[in-house]
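The values are calculated or read from the model by the stated rules, or taken from the named source; none is laboratory data. Everything quoted here is computed from the prediction, not taken from an experiment. Backbone-built Cβ (ideal geometry, glycine too); neighbour counts: all protein chains shown. The accessibility values were calculated without ligands, DNA or RNA, using every heavy atom of the protein model including side chains. Shrake-Rupley method; radii C 1.70, N 1.55, O 1.52, S 1.80 Å.
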Amino acid sequence: MQRDDASMALFLHADMNSAGSGCLAPEDADGDPARDAEGGVLGGRRVVQCDEVANVSASFNDRYKDQPPCEKRVLKLALTDGPNRLVAYEYRPIEALAVSMPAGTKLALTRAGVDKNGALRLGPENVAVLGGGVAHLEEARRRVVDRWKMPNRPTPGSFPENRGAELRVAAWGRDVAGGQSAAGTGTTDESRR
């Protein structure tokens, strides 16, 4: 039993960006989300890693502040299984999810809905938080949140479209060319893969 617990602890703190073998892709959905107006369902039970969470229903300044689960809150999650990246939205309040949950937290998805754009629709019936976290991802998340809290006005010599680059530099110490975050902050470091 101790061996199982130790294996689970190692898994919960492993970075699936480099260790995951892949268990999800939009084409895995039952039905064709690209053609079906209702979308499809990502069948089975799959374990993924949540790299980033933002409250997209909140104002710019409040995106990274925790808000209790309610009908007005909509969390946007950047998920990965290693080789694949997907976006998920909280469609109904999920008490176990929070903006402040550690980057790298593992989630178990069961029959999650897939909308016509390939994003997952999450509700309390199809997501379970397993826990964990990845230290270097959490450190990067904290740097981004600290940068996000600064006034939203351009710095001398920067342009509004460089906001993503500023956040990537805050997270990783350099701008990762082409890095695009599924949750929309632009903090994903593609070189970690």
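If the segment from PHE11 to LYS72 were pulled out straight at 0.36 nm per residue, it would be longer than the present Cα-Cα gap by 18.6 nm. Once the Cα-Cα distance is subtracted from the 0.36 nm per residue extended length, the ASP146 to ALA96 segment shows a gain of 15.6 nm.
The residue among ALA119, LEU130, ALA140 whose Cα reaches farthest toward the positive pole of the charge dipole of the range 102-146, with charges on the beta-carbon of Lys, Arg, Asp and Glu, is ALA119.
Surface composition of the range 44-102: carbon and sulfur atoms hold 52% of the protein heavy-atom accessible area at a 1.4 Å probe.
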